[in-house]
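Each remark here refers to the structure printed beneath this line.
The values are calculated or read from the model by the stated rules, or taken from the named source; none is laboratory data. Small disclaimer: the values here were computed from a predicted structure and weren't measured. With ideal geometry, Cβ positions are generated from the backbone for all residues, glycine too; neighbour counts draw on all protein chains shown.
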Amino acid sequence: MSENKTNINWYPGHMTKARREMEEKIKLVDMVIELRDARAPLSSINPVLAEISGNKPKLIVLAKKDKADNEVTTSWIKQLESDGCKALALDLLKDNVSKLISDACLDLMKEKVAKGKARGLKHVEIKAMVTGIPNVGKSTLINSVSRRKRAKTADHPGVTRNLSWIKVSPDVALMDTPGVLWPKFDDQKTAIILALCGSIKEDVLPIDEVVNYALNYLSRQYPELLKKRYGIEDLSSPDAIIAGIADNRKLLDYEGDPDFDKAVSLRFREIKNGVVGNISWERPDEDNK
């Protein structure tokens, strides 16, 4: 597999427009719901979104918990809460997302609600901006809380392009926003992890480098998943793993030798789609950067 290091960047023009619109609209909301990928709670933090949201109260939602390692996700929630953050992890397709989000927003904004009622208001509406990187689950969350297909969804980044309001309940209204990355990744490890989570378009990725990183990580943290999925025992190096996958799946070239390119492509696709198992790419007890 290639050892060349390629800078990964993906910042299409609509993201610049989306950032400007979000900067204009942020004053209309009381709080921010920041979606992060439960598999990568650090790499899925967007510093651009942090700049836009400023000091607005924030609810952190670790989305796609069904694809992450449950024990690791539980540890992340404990760490976030110990740092003074309001956080919860969600399976956006199976959990009672509407109630969980609404309850969390009202709890976070209870002082505003109390002040409003003290002034004689019978109803105090909480307005929240939903933010996050591409393909982190914003549109799925919006669809879940509104109980209808109000936002487009797809398992690839770059679907939501416009700002829109979604009425969740009499108490909470959400502003959906497009997924926004930042213009340049200073740390390419972050870019690789985001690629493994499906937040960067595949056609700009050095797939062999991404898979090389993934196999090194999985051989350390989840060796049994590799062995079970591909029926291989030699996890000594990424090349050995790829060769084993090619042999196990009969991915051969014209000369009957293991076809590394086909095996790498298969491996990336299955990692990204969560076929291999529940994997967390970052852990709170490690130096992830």
Which count do you get for residues in the stretch 96-123 that are touching a residue at least 24 places away in the same chain (Cβ under 8 Å) and surrounded by 12 or more Cβ atoms within 10 Å (Cβ to Cβ)? 10
Going through the stretch 191-231 one residue at a time, which ones are assigned to a loop (DSSP other than H, G, I, E, B), modelled with pLDDT under 90 and among the small types (Gly, Ala, Ser)? 198, 199
Per-region count, the stretch 56-89, residues surrounded by 17 or more Cβ atoms within 10 Å (Cβ to Cβ), of a type in the set (Gly, Ala, Ser) and either closer than 20 Å to residue 225 by Cβ or out of contact with any Gly (no Cβ under 6 Å at 6 or more places or on another chain) (or both): 3
From the set of residues in the stretch 232-250 that are part of a helix (DSSP H, G or I) and touching a helix residue (DSSP H, G or I) at 6+ places or on another chain (Cβ under 6 Å), which is modelled with the lowest pLDDT? 248
